[in-house]
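Working notes for the structure below.
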Amino acid sequence: MHRTFTLPLCLLAAISISVAAPTVQLVIERPSPQLVGTIIGISAIAKDEGEAQKYMPLLRYRLSAAGADGTFHIVSDFSRQSNFAWRPDLYEYEARIKVTVLNTKTKLTADAELPFRITPRLTGQTPVALHTSHPLVALYSFPACPDGSQFRVAYQRQGETTIRRTGLSPCSPSHTNNLYVAGMRPDSDYTLRTEVLRNTDLKSTGPATTFRTGLVDDTFGQFSVAVPPTDEASKAEPFVLFVSPGRPNMASFATDTEGNLVWYLPSSDRSVTRMLSGGRFLVFGTTQPNLRMVTVAQVDLLGHTLKETNMPRIAEQLETMGIKSVCKPNGQQCVSGFHHDAIALPNGHIIAVASMERVIPSGAQGSDDPVNIAGTILIDLDEEMQVKWFWNSFDHLDLKRKAKNDSKCQSPMGNMACAPVFLTPAANDWLHGNGVSYTRQDGNLTLSMPEQDWVIKIDYDHGKGSGKVLWRLGDEGDFKAESTDPKPWFSYQHDAAFEPPGSNMLVLFDNGQRRKEKPPENVKDSDKDKAKPKDPHSRGQVWRIDEQAKTATLVTNANLGLYAPVMGSAHRLSNGNYHFTAGSPRIDDIVKSQAIEVTPQGKIVFVLETPRTTTYRSNRVADLYTPPNR
């Protein structure tokens, strides 16, 4: 039970709960009003009954914000974090912000709420392009445009003929239109213009506005074009979005197809999982290792949080659904963290891949002793980042079937490959779920499980499904492979999805670990180097899936000319070609990942090579506002 008191506008806002503790006080870094694009620092100071050292560890804080309609939406769900950076929507309006404090023991809450005004950047009718905290991103502001129209910003680098464009955004007829413009190279002069369209017809072009981008740390590295684009290469996707968690900085970034940096995520503790529409990204993040402070969030092009939740908060909700999580040594079950992938659904929900440890007292997977097994769970978060559905691999897969590599998760801090391990020093990496996809034709999900060499389809049914495994694709699965290749099946695969959406064509990256030959036995030491088998080549594959006949026809089986044992991605381009990421090959004894474009016939028509780093995933995109079509 709690009461809410609306406060007058001021720098310090406080409320007292007359019925019961706790109480909360808001401290606002900047007074209202503030200009569009200003980030507002917010701190919450809470008190409760008793001694502070006893009640403070029990308190959790949530930030919400409301727009002109007065409806509050969660920005950051309950966590220990009491300081927030709020990025208001990019237009002028009367907002309200609210912080809620929760005592996790008593379950009592309290709110502090206040109004906040956002004012326009423009003072006239001339567009402006302003510098932001990001050296490669401009805040572009221009006057209202006709209702029912759309706008975009065209930008051109001085001395070049090529004109790039942002994605389309709806026009507002009642207030200024504002957009973060990204896709520009460092230390360069640009001309920016507004283009207003009605349907697909260009209706008007605004006056030219100049903007100069800033400098970027020169430790980024030099990318190289290993295979120049041929006439068959796509010209509609001039950018490459990279996710490279192993890089010490700029782990998520974008280049043009010549390898020039055009954007990066300015955060050392966050990594992009997927690109969303409108210059937004899904990211995983962590603030402190091995404390389950693992987050999933939507961020903008500057890295500002738009909405966020965290694993402890999700674990609390899962407990009400029958999944009790105790993440400490000798616990029996632990929902430990996110890893590998999170995607957005057409209805605005998010499906995130996470790990759950479970100790099997009677033993399993070849052990007669108690064994800790790391399984995969899928978590369905609604538009308010609340759990609506989940899938638990322990309920739907054969626990006796051990991992192909007999791999272990044993890092106490966790990483992109494994969430932290809490219950025992190590856990069996049973499935290693590394990619989830939504099947638009029936509202179900596919999950790639490289430690099983399977892609499975799960009964999600638009959030109403049973979670039953509908089929298993791969060696020893439910489908017959139709191919002239003697070894058609993929192994340790990545990024499987049906593309185009709604089709029966499944694209994936076949790392090929199980095609690696074993070295011959009883070989003299002097002959071992000669007898050592060559690594297989990783492949880009496209399968035609007949779910009724249970046949899988291999229609594209591109030999990529190198071996990438781990990491990788795949997707279809707008011209019908395919983009594959070989994330971990060694070239001239140096790790150099490659972004590779091939035709449906398997011909390589473009390769961009990264400098001395692995790449978990990359995507070819038209701009930084339009994600791949899947």
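The table for this structure:
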quantity: GLY433 vs. criteria in contact with a Leu (Cβ under 7 Å, 6 or more places away or on another chain), in a loop (DSSP other than H, G, I, E, B) and within 25 Å of ARG630 (Cβ to Cβ); calculated: yes
quantity: Residue satisfying all of: in the range 222-237; in a loop (DSSP other than H, G, I, E, B) and loosely packed, with under 14 Cβ neighbours inside 10 Å; nearest to the chain's Cα centre (by Cα) among these; calculated: ALA236
quantity: Qualifying positions in the range 318-359 - assigned to a loop (DSSP other than H, G, I, E, B), under 17 Å from PRO420 (Cα atoms) and among the small types (Gly, Ala, Ser); calculated: SER325, GLY331
quantity: Subset of the range 322-354 [open to solvent by less than 10 Å² (accessible area, probe 1.4 Å) and aliphatic (A, V, I, L, M)]; calculated: VAL335, ALA342, ILE350, ILE351, ALA352, VAL353, ALA354
quantity: Qualifying residue in the range 439-446 (condition: in a loop (DSSP other than H, G, I, E, B), under 25 Å from VAL294 (Cβ atoms) and touching a strand residue (DSSP E or B) at 6+ places or on another chain (Cβ under 9 Å)); calculated: no
quantity: Contacts under 8 angstrom Cβ, first residue in the range 254-267 being over 11 Å from PHE220 (Cα atoms) and free of Cβ contacts under 8 Å to residues at least 60 places away in the same chain, partner open to solvent by 10 Å² or more (accessible area, probe 1.4 Å) and assigned to a loop (DSSP other than H, G, I, E, B), 6 or more apart; calculated: LEU265/MET250; LEU265/ALA251; LEU265/GLY303; SER267/GLY303
quantity: Filtered residues of the range 438-453 (kept if open to solvent by 10 Å² or more (accessible area, probe 1.4 Å) and without any contact (Cβ under 8 Å) to a residue 24 or more places away in the chain); calculated: ASP442
quantity: Residue within the range 131-143 that is under 31 Å from the mean Cα position of the chain (by Cα), assigned to a strand (DSSP E or B) and β-branched (Val, Ile, Thr) present; calculated: no
quantity: Some residue of the range 82-90 being of a type in the set (Ser, Thr, Tyr), open to solvent by less than 60 Å² (accessible area, probe 1.4 Å) and either touching a strand residue (DSSP E or B) at 6+ places or on another chain (Cβ under 9 Å) or not in a strand (DSSP E or B) (or both); calculated: yes
quantity: Residue count for the range 377-392, restricted to those that are crowded, with 20+ Cβ neighbours inside 10 Å and assigned to a loop (DSSP other than H, G, I, E, B); calculated: 1
quantity: Some residue of the range 177-185 being outside any strand (DSSP E or B), within 18 Å of THR161 (Cα to Cα) and open to solvent by 20 Å² or more (accessible area, probe 1.4 Å); calculated: yes
quantity: Residue count, the range 456-503 (criterion: modelled with pLDDT under 95 and open to solvent by less than 30 Å² (accessible area, probe 1.4 Å)); calculated: 0
quantity: Filter result for the condition that a residue is among the small types (Gly, Ala, Ser), modelled with pLDDT of 95 or more and either more than 30 Å from PHE239 (Cβ to Cβ) or assigned to a loop (DSSP other than H, G, I, E, B) (or both), over ALA549, ALA558; calculated: ALA549
quantity: PHE239 vs. criteria hydrophobic (A, V, I, L, M, F, W, C), in contact with a Gly (Cβ under 9 Å, 6 or more places away or on another chain) and closer than 21 Å to TYR578 by Cβ; calculated: yes
quantity: Checklist (1) surrounded by fewer than 17 Cβ atoms within 10 Å (Cβ to Cβ); (2) within 19 Å of THR424 (Cβ to Cβ) applied to GLU319, failing item; calculated: (2)
quantity: Selected residue (criterion: surrounded by the most Cβ atoms within 10 Å (Cβ to Cβ)) from residues of the range 18-66 that are part of a loop (DSSP other than H, G, I, E, B) and hydroxyl-bearing (Ser, Thr, Tyr); calculated: SER32
quantity: Failed item in (1) open to solvent by 10 Å² or more (accessible area, probe 1.4 Å); (2) more than 25 Å from GLY246 (Cβ to Cβ); (3) over 24 Å from the mean Cα position of the chain (by Cα), with THR556 passing the rest; calculated: (1)
quantity: Strands (runs of 3 or more DSSP E) contained in the range 567-630 and holding at least 2 residues more than 22 Å from SER437 (Cα to Cα) and touching a Gly at 6+ places or on another chain (Cβ under 8 Å); calculated: 604-609
quantity: LEU192 vs. criteria open to solvent by less than 30 Å² (accessible area, probe 1.4 Å), more than 20 Å from MET275 (Cα to Cα) and among the hydrophobic types (A, V, I, L, M, F, W, C); calculated: yes
quantity: Cβ pairs under 7 Å, 6+ apart, first in the range 111-135 and among the aromatic types (Phe, Trp, Tyr), second assigned to a loop (DSSP other than H, G, I, E, B) and open to solvent by 20 Å² or more (accessible area, probe 1.4 Å); calculated: PHE116/SER32
quantity: Sole exception among (1) of a type outside the set (Gly, Ala, Ser); (2) assigned to a helix (DSSP H, G or I); (3) closer than 30 Å to ILE39 by Cβ; (4) open to solvent by 30 Å² or more (accessible area, probe 1.4 Å) for ASP395, by number; calculated: (3)
quantity: Failed item in (1) part of a strand (DSSP E or B); (2) open to solvent by less than 10 Å² (accessible area, probe 1.4 Å), with ARG152 passing the rest; calculated: (2)
quantity: Among the candidates ARG96, ARG121, residue that is outside any strand (DSSP E or B), touching a strand residue (DSSP E or B) at 6+ places or on another chain (Cβ under 6 Å), surrounded by 14 or more Cβ atoms within 10 Å (Cβ to Cβ) and not aromatic (Phe, Trp, Tyr); calculated: ARG121
quantity: So SER271, is it modelled with pLDDT of 90 or more, open to solvent by 20 Å² or more (accessible area, probe 1.4 Å) and either part of a strand (DSSP E or B) or more than 26 Å from GLY246 (Cβ to Cβ) (or both); calculated: no
quantity: Index of the failed condition, VAL283 passing every other in (1) open to solvent by less than 50 Å² (accessible area, probe 1.4 Å); (2) touching a residue at least 60 places away in the same chain (Cβ under 8 Å); (3) closer than 30 Å to GLN81 by Cα; calculated: (2)
quantity: Tabulated pairs, the range 325-350, first under 27 Å from VAL272 (Cα atoms), second outside any strand (DSSP E or B) and among the hydroxyl-bearing types (Ser, Thr, Tyr), C-beta under 7 angstrom, 6+ apart or interchain; calculated: CYS334/SER325; VAL335/SER325
quantity: Among the candidates THR210, THR255, residue that is among the β-branched types (Val, Ile, Thr), assigned to a strand (DSSP E or B) and either farther than 27 Å from LEU130 by Cα or more than 21 Å from the chain's Cα centre (by Cα) (or both); calculated: THR210
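The values are calculated or read from the model by the stated rules, or taken from the named source; none is laboratory data. The shown structure was predicted, so the numbers you read here are calculated from the model rather than taken from an experiment. As a convention, Cβ positions derive from the backbone with ideal geometry for all residues, glycine included, and neighbour counts pool all protein chains shown. SASA here: full protein model, heavy atoms, side chains in, ligands and nucleic acids out. Shrake-Rupley method; radii C 1.70, N 1.55, O 1.52, S 1.80 Å.
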